[in-house]
């Protein structure tokens with residue numbers, strides 16, 4: 001066999017069976033590709049990360065659990081403010097958190113604004129009340145301000 005014929009067989013070795021390449025004596029056909037098990041997991045991991053990001057934005061329980069894990073001090077401050085706002089409403093048993101509020105750090109504590117609570121109104125419809133809270137450095141409620149009824 002001439003050298004040109006051997007090169008052609010080596011290039012085609014990837015499509016030939018072991019029996020067909022055994023007579024050539026070439027080790028090129030016997031080389032195995034390295035296993036890449038993570039290659040199949042990458043699309044699944046990307047899909048899971050995107051799903052988690054969407055769930056964190058759209059599902060309040062997931063957002064709450066995420067903040068509890070990532071920023072426990074902000075989570076605790078938000079919980080304190082929400083409980084104080086619900087306790088301040090007229091019909092506590094029919095109150096719910098519509099928007100959890102935005103946590104802002106101050107020099108000596110935490111300020112939470114845009115906390116929106118929905119509660120039972122006089123006419124039987126839901127009344128929305130906006131609250132702001134000031135918490136001291138230890139996480140205790142310093143001031144709760146009930147805003148104007150909106151919507």
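Taken together, 78, 63 contain a single residue that is assigned by TED's automatic domain parsing to the domain that holds residue 49 and assigned to a helix (DSSP H, G or I), which is 63.
Apart from one condition, residue 112 fits all of (1) in contact with a helix residue (DSSP H, G or I) (Cβ under 8 Å, 6 or more places away or on another chain); (2) loosely packed, with under 14 Cβ neighbours inside 10 Å; the exception is (2).
Name the single residue that is farthest from residue 67 (Cα to Cα) among those in region 89-124 being assigned to a loop (DSSP other than H, G, I, E, B) and in contact with a strand residue (DSSP E or B) (Cβ under 6 Å, 6 or more places away or on another chain). Among residues in region 89-124 that are assigned to a loop (DSSP other than H, G, I, E, B) and in contact with a strand residue (DSSP E or B) (Cβ under 6 Å, 6 or more places away or on another chain), the one farthest from residue 67 (Cα to Cα) is 121.
The values are calculated or read from the model by the stated rules, or taken from the named source; none is laboratory data. Source: prediction; values computed, not measured. Virtual Cβ from ideal backbone geometry, glycine too; neighbours counted across all protein chains shown.
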